[in-house]
1. Does Glu68 meet the test of being out of contact with any strand residue (DSSP E or B) (no Cβ under 7 Å at 6 or more places or on another chain), open to solvent by 80 Å² or more (accessible area, probe 1.4 Å) and modelled with pLDDT of 75 or more?
2. What residue, of Arg94, Arg136, is open to solvent by 30 Å² or more (accessible area, probe 1.4 Å), more than 30 Å from Ala168 (Cα to Cα) and out of contact with any Phe, Trp or Tyr (no Cβ under 9 Å at 6 or more places or on another chain)?
3. When you look at Leu176, is it modelled with pLDDT of 70 or more, out of contact with any helix residue (DSSP H, G or I) (no Cβ under 7 Å at 6 or more places or on another chain) and surrounded by fewer than 16 Cβ atoms within 10 Å (Cβ to Cβ), yes or no?
4. How many residues does the stretch 36-57 contain that are open to solvent by less than 30 Å² (accessible area, probe 1.4 Å) and within 16 Å of Asp160 (Cβ to Cβ)?
5. Within the stretch 101-121, can you find the residues that are touching a Phe, Trp or Tyr at 6+ places or on another chain (Cβ under 9 Å), of a type in the set (A, V, I, L, M) and assigned to a loop (DSSP other than H, G, I, E, B)?
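The values are calculated or read from the model by the stated rules, or taken from the named source; none is laboratory data. What you see is a predicted model; the values in this text were computed from it and never measured. Please note: Cβ atoms are built from the backbone with ideal geometry, for glycine as well, and neighbour counts cover all protein chains shown. Heavy atoms of the whole protein, side chains included, go into the accessibility calculation; ligands, DNA and RNA do not. Shrake-Rupley method; radii C 1.70, N 1.55, O 1.52, S 1.80 Å.
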Amino acid sequence: MRTIKGFILVAAVVASVALFLGIYAFASHIYFEKVRSDAHQQSRVLAQQTFNAMFQIMRQGWTRSQVEAFLEATRQSYSETPYDLEIYRGPIVRDKFGTIDQPVIEGEVARAFDTGERQKASRGNELVYAYPLKARNECLKCHTNAEPGDVLGAIEVRQDIGPYLSQARSELLWSLAILTPIPVLAAGLVAWLLGRRIDSSVAMLDGAIEQVNSVSDLRDVEIEPGRLGFAELDSLAGKVSQL
């Protein structure tokens, strides 16, 4: 048969576990979104740095072999990192300087060409950032078929944040696991104190009723109001007194 103390203890433990799961779900959502936001920010910085390096070289003029060497060196520099960086040549540049080996322009890169705006997207654990390269006045010396603001190319940065999310999930679980015993112990302590109070009150009521061996003994049953410490038990004692 279930006891009040047992019920309180089970309820307290269940509430603690539910609280743990709720906190984990909320904290993980906030934490993972922060990881994604930081990753997008880092991709933006990498794309900007790559463009700045390209721009400084282009201002000095460069040959096709230098362009290809720059592209290959850029790819190789990120080969051992979670980043995959690709530089795309747009139709305006292709019409004047020819084609280069590059993936098909699609997705966020295509939208960056069409809108001239930076694009970002998340696909599972992969983040994609597309940075359009717009023509400046200095660019028109070589790109004579372009106008200021035209999109000459785009830089695409892909990043696999799976390892970061796994590490973040592990660290979050360990942090919550360390803190979890605190509410469980607190719930157990509350259940124990409440159980003692209930035992004392029930024992007092039980002792009073146990004295009744005949109808005439009922007049001797007298429990002071509020002595049992719980409104429900005081109401029960009041009914016994009325009887």
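1. Criteria not met by Glu68.
2. On the way: Arg136 fails: out of contact with any Phe, Trp or Tyr (no Cβ under 9 Å at 6 or more places or on another chain).
The unique qualifying residue is Arg94.
3. So Leu176 fails the test.
4. 4
5. We begin by selecting, within the stretch 101-121, every residue touching a Phe, Trp or Tyr at 6+ places or on another chain (Cβ under 9 Å); these are 102-103, 105, 108-109, 112-113, 118-121.
With the extra rule that they be of a type in the set (A, V, I, L, M), the set shrinks to 105, 109, 112, 121.
Selection gives Ile105 alone.
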